[in-house]
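**Q** Just dropping this structure here.
The values are calculated or read from the model by the stated rules, or taken from the named source; none is laboratory data. From a predicted model like this one, the values you see are computed outputs, not experimental measurements. Here Cβ is always computed from backbone atoms with ideal geometry, including for glycine, and neighbour counts include all displayed protein chains.
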Amino acid sequence: MNEQLSDDSQATPVTYEFEFDGQRVRAESGQTVAGALHSAGEHIVSRSFKYHRPRGLLCMSGRCPNCICTVDGTPNVRICTQAAKPGMVVKSQNAWPSVKFDLLRIFDKLHRLMPVGFYYKRMYKPRWMWPVWEKVIRRIAGLGKLDRSHGADGVYDKQNLFTDVAVIGGGLAGLHAALAAADAGVSVTLIDDQPALGGHLRHDPELAESRLNELISRVASHPAINVISSATVFGCYDENYLGIQQGQRMIRLRAAQVIAATGCWERPLVFENNDLPGVMLASAAQRLLHLDKCRFPGEVVIVTDNAQGYRAAKQLRAAGTRIAAIVDVRDNPPESLEGVRRFLGHTVISASGSRHVGGVVIAPLAGHPKQTLSCRWLVQAVGFTPANSLLYQNGCKLRYDESVDQAIVIQHAPAMHSAGAVNGLHDPGNAAADGQRAGKAAAEALCSPCHRVSDPPAENNLEIPRHGGHKEEESPPCHYVAPSGAKKKFVCLCEDVTEKDICDAIDEGYSNIETLKRYSTVSMGPCQGKMCQAAAIAICARHNGQSIAETGVTTARPPEQPLPLGVLAGRAVHFSLVRRTPMHAWHEQHGAKMGDAGNWKRPQVYTSVTQEYEAVRQRAGLIDVSTLGKIELRGRDVVKFLEFIYPNRFANLKVGRVRYGVICDDAGIILDDGTIARLGEDRFFLTTTTGNADAIDSWFRWWLAARPQWDVRLTNVSGSYAAMNLAGPRSREVLKKLTDADLSRDAMPYLAASEIQIAGVPAIVLRIGFVGELGYEIHVPAQFGQHVWEAILEAGREFNIAPFGLEAQRLLRLEKKHFLPGVDTDALSNPLEADLPWIVKLDKEDDFIGKRSLARSLQRGSRNKLVAFQLNEPIVPDLASLVLTNGKLGGRITSIGQSPAAGGTIGLAWIPASLSRNGDTIQIQINGRLVDAVVHDEPFYDPSGEKLKS
Amino acid sequence: MVSQRMWREHELKDQYDVVIIGGGVHGLATAYYLTKLGVKNIAVLEAKYIGFGGSGRNTAIVRSNYRTPEGIAFYDLSVKLYEQLAADLDFNVMFSQHGHLTLAHNERGVTGLTERANTNQLMGVNSRIIFPQEIQQIVPDLNVFGHSRFPIQAALYHPPGGIIRHDAVVWAYARGVDRGGGHVHQKTEVTAIEVQNGQVEAVDTNRGRIKTKMVLNATAGYAGLISRMVGLEIPIETHPLQAAVTEPLKPFLNSVIVSSTLHVYVSQTDRGELVLGAEVDDHASYSLRGTLAFLEGAAIHLLELFPHLANVKILRQWAGLCDMTPDYSPIMGGTPDVKGFYMTVGWGTYGFKAGPASGYLMAELLASGKTPKRLEPFALTRFYDDCLVGEKAAASVSH
């Protein structure tokens, strides 16, 4: 995300310019866009979602929504983690005419008209009003604009990695965990979302001991540790499968053990006008100070309940800022800062100013008496929200622990550990020790013979220190929500949800935290609750009279940080792969019109359907059928398996024979058809249709998985064989020229399956004829596909052979009344109704898939039937034309063609069984009128099959 | 505007005339229409919170351009009830009927959609085939003429289709039940159903026992588990269905776009978020965890349709459970085996859009004991009698 940020660059700063809303802004190298804007005095960087209030920098860590801008056309970029670059064009969003002066701020004044969920209660009466209102809403809604100048042409890539232990987070705990695991002899991958290791110590120099740099260099130089910097783990999926974004790259990391050392972030206070520019988290001020080299002109008030507030104050003062006061929530804090006025037991009630903080009102926790302090900045250090969403995602169980005021893991998911601040250990010494413990535990879990998979809670014997001490009994349950106040106190900055909105929603009945979220939209915006969830839960708990633990949390869902679609899609130029048969080049060279068949490219037609049709019917034709699915089954129990899978019989299939088969599902519905050849006693070669090749492979494996005791070995050889179909009255003469094998009718009759040499290549040859002619389906190893293809065409030249495409094939098979699964059948078609009753052998002793349903169907009788028909008029209707009976839907056409053999338009249709006798008339709706057609029982071509069997 | 309580919390009574299990759109709609028919001593039991299941996880698409006459008639009733729902329930459910486009990228797809258009028109549903020029006019940002692996050849255009604020529908029905005198019990989990002599007698919950002669199973993904409580095995497999949402963008997409070839569909809410999804996961599971593979696939396919979205960010992903039947159609009605046990289940990926119609007709069935004609094709017995409904082609991916 922020891979461009340099590592605390020590070099002499280079300055350059970029553009913000048309103005030129100077930046120093290493600065973020937000830092440069801060230095330039641009403190309003966005407008809020609903009320269009001015917003300034709050978190400086890419977690809040306040600094979202459009950068070089990309909408919704957090400029606080985006390095400034020369010439960059940054534009504010969601404001008109500008972010400095936004007319839509009027909504802020009209808030009484727009209470929580107002849109559910208005704008729908009378009914025609809603579409009118909706148009207005759709004009105002949304954040960034779609960037039409960018296509999916970015440079993206994907990487797959494996590791023994993945450590997420390069702070103190993560560094120690990585070292401890690596020293124990396992491989470690350390993923950190910052450009440099060190976590929050990078911008809190007092905490960072001198040993930090030594620790970092030990990690960086450790041979067993792979550090991935500037990379965000956005998801922890099943079985420790981590999704990681690093700039334009997505890394998929499979880890045997995962340690989440993800730390925490600061949470903001909820008080009146708490969204004013100038109100900032202490860590944000520290980042600006130390990483962006910014200054804070004017006075600062610090509100705090912990040591961090004092450190921030010290650092700000050292940088030349005057500290107006420290407002400490605690009555007896251990820290102090010489020469600074303090208000103990106080908190901030409200901030004043219209476009920037001008002062703050403070009061004791009870709310009175109030006093006003003048200041330009309000820096808040009032506690932390643990970054625990990856723990939740992976199935860890957490419970809110009042002593540390955060959720703590009570049960880890298998092979997952956590360490450091996410465990409530904020003190550097404790975090380091916890990291070492987790690192050792992860390594031990890997090395122990039984692969202990979880992190027993007892191991964590570190005492969790109470930070602050504000949890004394007299403290109110959630001091970070200020008491009273009539002005807006924002809980959710993304969606402009105030404390009052939440209370109102609960009063209306949305008291469950999940329904509350959906109704008030709290935590549903770009930050996904990072800034607001803690306060929302606290307010919900208070208003319901429940504890925080009882209130629960909303579900943590990936991605942890917003994730660009381009990164997910990766380097996909065509997005879906293209499959080509071994003869593809030949087809293209010979002028074939290619078409898509799933991922395959197939020749549709070479010359014309008429010419190709004639070649097959009168001489010989050759079609590429390499796309067929091909499966080899071997083993003693293959026959048993086939008998179970297919409704027809296979026990009696002799070696050297091939049989047509239909595969049905449990309901007897046709899934696919194909041929089954027995090449040896325990060796079978099956074909499936092109479209179902993968589905049938899965189907077989699915049923085999439950029958491990059966000796059936399945090999998918779809890609290993090229296949072609030689068909036509002269095809035997053609093939004879290429083989020594006996092709005579006696030696290789119809439905023979043999393994012979064709053109010097070993081939499986099946004597079948989908198009209704003497034909040979020839399977040869893929690398010889084009050689055999060319050899056959060469051999057939004297007979005037021609290649033919799918369009001719479709017509040829239609004349034979052969259906195509999925084209002529649908999710209701069983073989009984699809005119294949002979294929269903209900008298097979053992069960087969679909047997019960087919028996039932037979008993019931057919309701619908697949029939062939011939139109009485010389027109070709649309494929999707309907068959009507008495004005109602009676059926539909599935195939259509102009048949030379029938001398007219023929087709296949599903119609009511009552109309399906030979010679019955059906009516087809064509262009709004009904045209008669006659049901035809027999194939239109060669009904007795003489040519096929010749 | 005085805020009024949407629904109240009640003590669990020890007897109800009807107990509805499942506080989603189906259960609540049935309860609501029951109160309108005068059956008021009823309870809706929800184990978590209302809308926890599919009603809160679906992608809120409403349409009636199905394939079979049974399906079309049923969903057409639902669209009409949805159009009236805001007025009927006095709550803006934000039904935005900006049209629904199902894309075809190959000849077979065009044929299937043309057949649906013809059947829709025969049934009086507004639906027609449109071609690239018109598709581009309706959706200017769609990649119709640019480079594409599977160029768009046609679309089934269904102007009354659109999206709705799904949570609002759930809440509004719950309020309707409450105002009508029914009880909505959240965090109330059914642990057993008592059957004596083939008749339902009582329901046990974590909050106590309820005597009742009539139980409706409206539990979607958990339908099989609840039915098993009365010893009934129903032909349902539960599969996860995943979806995701992006950060809000200024609205640019008004219609719902569906592509079966690319296994993706997308719409843009009034808040500006793009909502996207795919087909159900291959394998049966009760897991509510999303997968990375889903996100990657959805992104690849969405970018094929809208290449400009490459730098738009996914905000969250989630999964819901779909109760799939073999014929991709619901099971509605009673069972001859257990008197008093009724179901509106098997709603798969198409349940939310059917909520009002199923609730309306199920209420009629429960109140009168007679099966309305429009429910007849969807009886459980169709699986024993082999009278399946052929909705698979129009229901599977195209939500």
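**Q** Would you say B:THR269 is within 19 Å of the chain's Cα centre (by Cα) and within 9 Å of another protein chain (Cβ to nearest Cβ)? Outline the logic, then answer.
**A** Values: within 19 Å of the chain's Cα centre (by Cα): yes; within 9 Å of another protein chain (Cβ to nearest Cβ): yes.
Criteria met by B:THR269.
**Q** Would you check if A:PHE118 is within 27 Å of A:GLU508 (Cα to Cα), aromatic (Phe, Trp, Tyr) and surrounded by fewer than 21 Cβ atoms within 10 Å (Cβ to Cβ)?
**A** Details: within 27 Å of A:GLU508 (Cα to Cα): yes; aromatic (Phe, Trp, Tyr): yes; surrounded by fewer than 21 Cβ atoms within 10 Å (Cβ to Cβ): yes.
Yes.
**Q** Of all residues in the stretch A:121-169, how many are outside any loop (DSSP other than H, G, I, E, B), within 10 Å of another protein chain (Cβ to nearest Cβ) and either in contact (Cβ under 8 Å) with a residue 40 or more places away in the chain or of a type in the set (Asp, Glu) (or both)?
**A** Residues that pass the stated criteria total 3.
**Q** With the requirement that a residue be buried (at least 24 other Cβ atoms within 10 Å of the Cβ) and small (Gly, Ala, Ser), what does the stretch B:321-351 give you?
**A** Matches in the stretch B:321-351: B:SER329, B:GLY346, B:GLY348, B:GLY351.
**Q** Something else about it: Mind checking whether some residue in the stretch A:236-255 is at pLDDT 95 or above, assigned to a loop (DSSP other than H, G, I, E, B) and more than 14 Å from chain B (Cβ to nearest Cβ)? Full working, then the answer.
**A** Filtering the stretch A:236-255 down to residues at pLDDT 95 or above leaves A:236-237, A:240-246, A:249-255.
Within this subset, residues satisfying the condition of being assigned to a loop (DSSP other than H, G, I, E, B) are A:240.
Still in the running and more than 14 Å from chain B (Cβ to nearest Cβ): none.
No, the conditions are met nowhere in the stretch A:236-255.
**Q** Same structure again: Specify which of the listed residues (A:ILE756, A:ILE768) is touching a Ser or Thr at 6+ places or on another chain (Cβ under 8 Å), β-branched (Val, Ile, Thr) and assigned to a loop (DSSP other than H, G, I, E, B). Don't jump to the end; show me each part of the working.
**A** Working: A:ILE756 fails: assigned to a loop (DSSP other than H, G, I, E, B).
None of the others qualify; the one that does is A:ILE768.
Table: residues versus (1) in contact with a Pro (Cβ under 9 Å, 6 or more places away or on another chain); (2) in contact (Cβ under 8 Å) with a residue 12 or more places away in the chain; (3) more than 17 Å from A:ILE801 (Cα to Cα).
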{"position": "A:LEU577", "(1), (2), (3)": "no, yes, yes"}
{"position": "A:HIS587", "(1), (2), (3)": "yes, yes, no"}
{"position": "A:GLY591", "(1), (2), (3)": "no, yes, no"}
{"position": "A:TRP600", "(1), (2), (3)": "no, yes, yes"}
{"position": "A:PRO603", "(1), (2), (3)": "yes, yes, no"}
{"position": "A:VAL609", "(1), (2), (3)": "no, yes, no"}
{"position": "A:GLU612", "(1), (2), (3)": "yes, yes, no"}
{"position": "A:ALA615", "(1), (2), (3)": "yes, yes, no"}
{"position": "A:GLN618", "(1), (2), (3)": "yes, yes, no"}
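**Q** Taking the conditions exactly as written (buried (at least 22 other Cβ atoms within 10 Å of the Cβ), in a loop (DSSP other than H, G, I, E, B) and either among the hydrophobic types (A, V, I, L, M, F, W, C) or outside the structural domain of A:ALA442 (by TED's automatic domain parsing) (or both)), does A:LEU197 satisfy them or not?
**A** So A:LEU197 passes the test.
**Q** Here's a check for you: in the stretch A:876-925, which residue that is touching a helix residue (DSSP H, G or I) at 6+ places or on another chain (Cβ under 6 Å) and closer than 15 Å to B:PRO69 by Cβ is surrounded by the most Cβ atoms within 10 Å (Cβ to Cβ)?
**A** A:LEU882
**Q** So for the stretch A:657-679 (the condition being assigned to a loop (DSSP other than H, G, I, E, B) and more than 14 Å from chain B (Cβ to nearest Cβ)), does at least one residue qualify?
**A** no
**Q** What's the total number of residues in the stretch B:177-222 that are of a type in the set (S, T, N, Q) and assigned to a loop (DSSP other than H, G, I, E, B)?
**A** 6
**Q** Specify which of the listed residues (A:GLY174, A:GLY117) is more than 14 Å from chain B (Cβ to nearest Cβ), out of contact with any Pro (no Cβ under 6 Å at 6 or more places or on another chain) and not acidic (Asp, Glu).
**A** Just a single option satisfies the conditions, and that option is A:GLY174.
**Q** Residues that are more than 21 Å from the chain's Cα centre (by Cα) and not assigned by TED's automatic domain parsing to the domain that holds B:ALA174: which helices (runs of 4 or more DSSP H) entirely in the stretch B:36-137 hold 2 or more of them? Please lay out each step first, then the result.
**A** Numbers: elements: B:54-57, B:69-89, B:107-122.
It comes to B:107-122.
**Q** Still on this structure: Exactly one of these conditions fails for B:SER329: (1) more than 15 Å from the chain's Cα centre (by Cα); (2) at pLDDT below 95; (3) not β-branched (Val, Ile, Thr). Give me its number.
**A** Condition not satisfied by B:SER329: (1).
**Q** Also, quick follow-up: Can you name the number of the only condition in (1) hydroxyl-bearing (Ser, Thr, Tyr); (2) in contact with a Leu (Cβ under 9 Å, 6 or more places away or on another chain); (3) crowded, with 24+ Cβ neighbours inside 10 Å that B:TYR66 fails?
**A** Of everything listed in (1) hydroxyl-bearing (Ser, Thr, Tyr); (2) in contact with a Leu (Cβ under 9 Å, 6 or more places away or on another chain); (3) crowded, with 24+ Cβ neighbours inside 10 Å, B:TYR66 misses just condition (2).
**Q** Test B:PHE145 against the criterion of being within 14 Å of another protein chain (Cβ to nearest Cβ), in contact with a Pro (Cβ under 8 Å, 6 or more places away or on another chain) and either assigned to a helix (DSSP H, G or I) or farther than 30 Å from B:GLY51 by Cα (or both), and give yes or no.
**A** So B:PHE145 fits the description; yes.
**Q** Sticking with this one: Please tell me if A:ARG860 is within 20 Å of B:LEU388 (Cβ to Cβ), touching an Asp or Glu at 6+ places or on another chain (Cβ under 7 Å), surrounded by fewer than 21 Cβ atoms within 10 Å (Cβ to Cβ) and within 13 Å of chain B (Cβ to nearest Cβ).
**A** Details: within 20 Å of B:LEU388 (Cβ to Cβ): yes; touching an Asp or Glu at 6+ places or on another chain (Cβ under 7 Å): yes; surrounded by fewer than 21 Cβ atoms within 10 Å (Cβ to Cβ): yes; within 13 Å of chain B (Cβ to nearest Cβ): yes.
Yes; evaluated as a whole, the condition is true for this residue.
**Q** Look through A:ASP920, A:ASP937 and report the one residue that is away from chain B (no Cβ under 14 Å) and more than 30 Å from A:LEU774 (Cα to Cα). Reasoning before the result, please.
**A** Values: A:ASP937 fails: more than 30 Å from A:LEU774 (Cα to Cα).
It is A:ASP920.
**Q** Out of all the residues in the stretch A:519-544, which are among the aliphatic types (A, V, I, L, M), touching a Leu at 6+ places or on another chain (Cβ under 7 Å) and not in a loop (DSSP other than H, G, I, E, B)?
**A** none
**Q** While we're here: So, in the stretch A:889-901, of the ones that are over 43 Å from the mean Cα position of the chain (by Cα) and of a type outside the set (A, V, I, L, M), which residue ends up nearest to the other protein chains (Cβ to nearest Cβ)?
**A** A:GLN898
**Q** Does B:GLY320 satisfy the condition of being within 27 Å of B:GLY231 (Cα to Cα), in the same structural domain as B:PRO251 (by TED's automatic domain parsing) and within 14 Å of the chain's Cα centre (by Cα)?
**A** yes
**Q** Test of understanding: among A:ASP204, A:ASP157, A:ASP192, which residue is surrounded by 24 or more Cβ atoms within 10 Å (Cβ to Cβ) and of a type in the set (Asp, Glu)? Break it down into steps so the answer makes sense when it comes.
**A** Values: A:ASP204 fails: surrounded by 24 or more Cβ atoms within 10 Å (Cβ to Cβ); A:ASP157 fails: surrounded by 24 or more Cβ atoms within 10 Å (Cβ to Cβ).
When all the criteria are applied, what remains is A:ASP192.
**Q** Can you tell me which of (1) touching a strand residue (DSSP E or B) at 6+ places or on another chain (Cβ under 9 Å); (2) away from every other protein chain (no Cβ under 11 Å); (3) among the hydrophobic types (A, V, I, L, M, F, W, C); (4) closer than 30 Å to A:THR627 by Cα is the one A:VAL578 doesn't meet?
**A** With (1) touching a strand residue (DSSP E or B) at 6+ places or on another chain (Cβ under 9 Å); (2) away from every other protein chain (no Cβ under 11 Å); (3) among the hydrophobic types (A, V, I, L, M, F, W, C); (4) closer than 30 Å to A:THR627 by Cα applied to A:VAL578, the lone miss is (2).
**Q** Suppose we filter A:ALA182, A:ALA141 for residues that are within 30 Å of A:LEU568 (Cα to Cα) and not aromatic (Phe, Trp, Tyr); which single one remains?
**A** The unique qualifying residue is A:ALA141.
**Q** Okay, moving on. Within the stretch A:912-946, track down each residue that is hydroxyl-bearing (Ser, Thr, Tyr) and either outside the structural domain of A:ASN886 (by TED's automatic domain parsing) or more than 12 Å from A:PHE869 (Cβ to Cβ) (or both). Show your work before the answer.
**A** Residues of the stretch A:912-946 that are hydroxyl-bearing (Ser, Thr, Tyr), as a first pass: A:914, A:916, A:921, A:941, A:944.
The answer is A:SER914, A:TYR941, A:SER944.
**Q** Still on this structure, please answer the following. Could you list, in sequence order, the residues of the stretch A:525-567 that are among the polar types (S, T, N, Q) and in contact with a Cys (Cβ under 7 Å, 6 or more places away or on another chain)?
**A** Listed by number, the list holds a single entry, A:THR551.
**Q** Does at least one position in the stretch B:47-63 carry a residue that is more than 14 Å from chain A (Cβ to nearest Cβ), crowded, with 24+ Cβ neighbours inside 10 Å and closer than 30 Å to A:THR885 by Cβ?
**A** Yes.
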